[in-house]
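Student: Right, I'll just put the structure down here and ask away after.
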Amino acid sequence: QKADKEAVRNAETNLTNAKAADVARQNAIDEAQADVVTAEKVAAKAKATLDNATSTATNTAAKVEAEQAELEKAQAVVAGLESEIANANTITLPAGYAEALKQYLTTKSSADKQALATLAATAVASNTYKSNSADQAEVIADVNNLTEDQREDLTLFAVDLINQVRKVTGGPTVVANKSAMDFANEVANTSTTFMGHDTTAIPTAASNFGLKSVQGVNNYEDLGFLLQKTDTITMDDLKKGLYTQF
């Protein structure tokens, strides 16, 4: 019986120890799970912080990229304007040209005509067209159908050259106006003559605009040029063609 009691006490002790071990193990498991939950919360917070930082960085990068693009665009405009100013086209007349012109218009003599022609040849030789980057970059999609902005640009360019000469010679200056541009555009759109003046299209358009019109007679065109290029045409090509006619 004594041995049995000893066995029972040992069994009870082992059971108590086992229960204590289970409690300790469960406590350890609970603590570990708590640590996992805490770690997950820390990780989630860290990820949220990282996501916010990434989003901010992305937005900042996009903003910087957009601002850089705007800056480059503005710089290109400034560079174009600077190029245009630096390469402004002018026409310089030789000394005595204005007087020779007035003399010829008064006498209409062969000698005065020759003297004027000699000075004119000197003017042609001393004046050179200057290109600018903005005009060189502007490609003309259809030279037979210029946009209104392109026609206005060319008109103002031509008017400026004409007035440079007229201010020196004492002639009346000219101005650009939309009606004149529209008249020229209608002639261009209705003309069937590639070379020379279309004496049907010109007086017909003139009549439509309330101007003097005589069929078979050209009262308006006195300038023309032929583009020699067969590849890309730019605004620079068109302005050079205008310039070389003066």
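Student: Go through the range 161-173 and give me each residue that's without any contact (Cβ under 8 Å) to a residue 24 or more places away in the chain and assigned to a helix (DSSP H, G or I).
Tutor: Within the range 161-173, N163, R166, K167 meet the criteria.
Student: Also, quick follow-up: For residues that are open to solvent by 80 Å² or more (accessible area, probe 1.4 Å) and either part of a loop (DSSP other than H, G, I, E, B) or touching a Phe, Trp or Tyr at 6+ places or on another chain (Cβ under 7 Å) (or both), scanning just the range 174-199, find the one that is nearest to N219 (Cα to Cα).
Tutor: H197
Student: Please list, ordered by residue number, the helices (runs of 4 or more DSSP H) wholly in the range 43-160 having 3 or more residues that are touching a residue at least 12 places away in the same chain (Cβ under 8 Å) and closer than 17 Å to K240 by Cβ.
Tutor: The qualifying helices (runs of 4 or more DSSP H) are 133-137.
Student: Looking at A121 and the list (1) open to solvent by less than 40 Å² (accessible area, probe 1.4 Å); (2) among the aliphatic types (A, V, I, L, M); (3) out of contact with any helix residue (DSSP H, G or I) (no Cβ under 6 Å at 6 or more places or on another chain), which single condition is not satisfied?
Tutor: (1)
The values are calculated or read from the model by the stated rules, or taken from the named source; none is laboratory data. Note that this is a predicted model, so its numbers are computed, not measured. When we count neighbours, we look across all protein chains shown, and the Cβ atoms used for this are built from the backbone with ideal geometry, even at glycine. Surface accessibility is based on the protein's heavy atoms, side chains included, excluding ligands, DNA and RNA. Shrake-Rupley method; radii C 1.70, N 1.55, O 1.52, S 1.80 Å.
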